[in-house]
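Input: a single structure, listed below in structure tokens.
Bear in mind these aren't lab numbers, they're just calculated from the coordinates by the rules spelled out. Please read all numbers here as calculations on a predicted model, not as lab measurements. Heads up, the Cβs are rebuilt from the backbone with ideal geometry, glycines too, and the neighbour counts pull from every protein chain shown.
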Amino acid sequence: MEKMPILPSGDPIRQDKPEALSDKDLLAMYSEMVLIREAEEKVQSLYMKGLIHGTTHLCQGQEAVSVGAAWAIKPQDYVTMTYRGHGHALARGMDPAKFFAELMGRSAGINKGKGGSMHLCDFDLNLIGAFGIIGAGIPVAVGAAMSAKLRGEDRISVNFFGDGTTNIGAFHEALNMAAIWKAPVVFICENNIYGEFSRIDETTAVTRLSDRAAAYGMPGVTINGNNVIEVYEEVRKAAERARSGEGPPFIECVPSRQRGHSRTDPAKYRPQQEVEAWLAYDPIRLFKDWLIEKGIATDAQLKEIWESMKAVVDKTAEKAEQSPWPSLDELTTETYA
Amino acid sequence: MITTTYREAIQQALADEMAADPSVVLLGEDIGHAGGPFKVTEGLYERFGPSRILDTPIAETGIVGCAIGMAITGMRPVAEIMFSDFLMVCMDQIVNNAAKYRYMSGGQTSVPMVIRTSCGGGIRFGAQHSQLGETRLMQFPGLKIFAPSNPHDAYHMLRAAIRDDNPVMFFEHKAMYARKGELDKSAGPAQVGKARVCREGKDLTIVATLMMVGRALEAAEQLEKEGISAEVVDLRYLRPLDIDTVIASVSKTHNLLTVEENHALGGWGAEVITGTVELAMDELDSAPRRITLPDAPLPFSPVLEDAAIPSVDAIVAKARSMLGQA
């Protein structure tokens, strides 16, 4: 039998309203998902205009993971992510003006223009690292968790990584260490089915990536990464487990990557049918339908939110575009503390 | 002033820093219950307990990555990599994370971490357990590289490394763990980045690190008997690299010889000589020379290994020939 990957789902959201979230919270979540979508579209257009340089890895279609998880954890918790981290940064609350300025290499950028798209971090928000190399962030996330544990702090560490990461050594070393030490860390795998340009089932011995958790004695679940409420609820449960000292859980989210691996990748290896289907499984649309069905907002209100988020993006991107380049004096500063 | 071994001096530095600062934690393979493969951490687990000393799996990438995660969240981890040869296993974490974290974050964080590692040959461990590996790391701004040659420096340099807010690579020569020397704990803190003139002379400057410092000093004794006065500079740090002390010495002796347990191509001797030529060529009376390992992996056979590692005799012979007294 041909091995098939787990595929993203466009099933409607069927969950009830989570108890801990008010209608206001839910609309804020919607706003953030739209903000991320609009920001990524803006990044794409700025890239085409030559205002964003190098490469950039967009996350359209993965907004439910970033936002659902961000609402399930506490401000003091550490977050680490990958080069496909724009959504996580914005969901965590990074100032979009500093976000755009960083992507454009300006001194007003969150990393003063020294990091770029792949290395966004904001220590004031406990967003402590984005890593350009597959797997490199996982042991760092475990270290941050151990820091909290050894000092007896009420803090966990949440680590996002992609499907391709589950094949690299750092992943296995770090998961084992986290498990033996019961480090308060939550591992969140965003399985967008493609490791760069190759479908995950062609490169990986198992297709349900959460099965790998069993090798480290940790619970693993696979959930619909297009369902923001499901992500929220699963991460909340996982965070509670990690916080209570029972050890790290593993969540595999399957969202629908809408674009290529990076800006320069047109993703011609993906069948057109699949691209169309996945675009239709839009996590923002699914959430919108649910918000209307639950009577939390009307279609008109949600359209209004969308317009206001688009305005935020336009305004902050414009502000970033007007901001100065770093001074050449900055070339070697901050190499050493 | 006490007489102690290189091993005990390192152990003392760890214990004193752990006692002084609760954010100092150790992690590494077999360093807890077992006291470390070279017994450097012996007794520390009993004294400080499992919340300060973490025995890890054999997983160098995990160890270094974890130490980085601790360092950026307010701790001062000291990771042990059992053999410096294994740094190759975790180069990604050292080079792409530790060295660049502060810079890439625009100064939002720093990585106050030490990686201690045993290095060097001479004890018949073969090609995968005898390398130094410190020169490879010279290419990475953001790192500091310490290489002490005696118990006194080992103690003070390690304390300084732990207090440093940057990632420090700390190389301990494994053939020197049992070597005795003097330690004055009351001496002031180490001056990071400062080489040391450990013997004054007027005819020739010999620059060395780690185990080669002792051999250079022995060679200088012999040369003295032959009427050649050699000055020995212990570089101690490769990043930052103190070219000024080398040039000050060469300005006096006008001849420069480097001795290192590395291969010539890309070794630190090349950098020291280039720096001297760039800044003080007029001071040189002869072409600077290097003594290095031959261009082959370090062999296992005692006969071959002894021939590969720069010896006292080789230093004496090279010095003689440089000064036209061969």
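Figures for the structure shown
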read-out	value
Extension reserve of the residue A:28-residue A:49 stretch, reckoned as 0.36 nm per residue once the Cα distance is removed	4.5 nm
q = 0.14, 0.16, 0.17 Å⁻¹: log10 I(q)/I(0) that the Debye formula gives for segment B:196-322, counting C-alpha atoms only	-0.54, -0.71, -0.80
Principal-axis tilt of helix B:151-163 within chain B, Cα atoms, nearest 10 degrees	50 degrees
Relative contact order (%) - criterion: Cα under 8 Å, at least six apart; region: chain A	26 percent
Point-to-point label distance, residue B:313-residue B:271, nm (Cα→Cβ direction, 7 Å offset)	3.2 nm
Computed E for residue A:76/residue B:251 - FRET, C-beta separation, R0 56 angstrom, nearest 0.05	0.50
Only Lys, Arg (+1) and Asp, Glu (-1) charged, at Cβ; segment A:23-316 dipole about Cα centre in debye	700 debye
Most mobile of A:140, A:34, A:275 in a GNM of chain A (Cα contacts under 10 Å)	A:275
Greater than 29 Å apart at Cα, pairs in A:98/B:100; A:114/A:237; A:112/A:310; A:17/A:268; A:268/A:315; A:149/B:194	A:114/A:237; A:17/A:268; A:268/A:315; A:149/B:194
Stretch gain in nm, segment residue A:300-residue A:208, where the contour uses 0.36 nm per residue and the Cα spacing is subtracted	29.2 nm
Projected-area mean, chain B, by convex hull of Cα positions, square nanometres	16.4 nm²
For a label point 7 Å along the Cα-to-beta-carbon line of residue A:285, residues of segment A:61-103 with backbone N under 11 Å	none
Simple spin-label estimate for residue B:197 and residue A:244 in nanometres, 7 Å along Cα-Cβ	6.8 nm
Viscosity 1.002 mPa s, 20 °C: Kirkwood-radius Stokes-Einstein D of segment B:87-181 over Cα pairs, µm²/s	151 µm²/s
Over segment A:26-131, relative contact order from alpha-carbon pairs under 8 Å, at least 6 apart, %	26 percent
Length-normalised contact order for segment B:89-218 - Cα pairs under 8 Å, 6+ apart - percent	27 percent
FRET E, pair residue B:3, residue B:91, Förster distance 41 Å, beta-carbon r, rounded to 0.05	0.65
Net dipole in debye of the protein assembly as shown [+1 Lys, Arg Cβ; -1 Asp, Glu Cβ; about Cα centre; nearest 20]	280 debye
Other protein chain Cβ atoms within 10 Å, averaged over every residue that makes up B:106-119	3
Semi-axis lengths, Å, segment B:2-183, gyration tensor of Cα atoms, sqrt of 5 times eigenvalues	23, 19, 16
Amide H within-cut-off set for residue B:73, under 5 Å, with H built and near neighbours excluded	none
Inter-chain Cβ neighbour average for residues B:89-96, partner chain, 10 Å	3
Residue B:165 versus residue A:319: modelled label distance in nm, points set 7 Å from Cα along the beta carbon direction	2.8 nm
Near-label residues of segment A:292-321 by backbone N, under 15 Å of a point 7 Å along Cα→Cβ of residue A:16	A:294
Within straight-line cross-link reach of residue B:252, aspartates and glutamates at Cα separation under 16 Å, skipping those fewer than 8 residues along the same chain	B:200, B:203, B:231, B:244, B:282, B:283, B:285
Span-like helix ranges in chain A, DSSP H, alpha carbon extent 30 angstrom or more, Kyte mean at least -0.5	A:23-48
Computed E for residue B:229/residue B:186 - FRET, C-beta separation, R0 41 angstrom, nearest 0.05	0.80
Ranked packing of B:283-296, B:78-91, most packed first, by mean Cβ within 10 Å	B:78-91, B:283-296
Degrees separating the helix B:312-322 axis from the principal Cα axis of chain B, which is the longest one	40 degrees
Exposed-loop-free span, longest in chain A, where GluC sites (Glu not before Pro) count as exposed if DSSP calls them loop and at most 16 other C-beta atoms lie within 10 Å	A:20-152
Kirkwood Rh in Å, taken over all unlike Cα pairs in segment A:23-316	19.1 Å
Shape of the protein assembly as shown, Cα gyration tensor, a/c cut at 1.5	prolate
CD proxy at 222 nm, helix term only [per DSSP H run n ≥ 4: -39500 (n - 2.57); per residue of chain B; nearest 500]	-10000 deg cm²/dmol
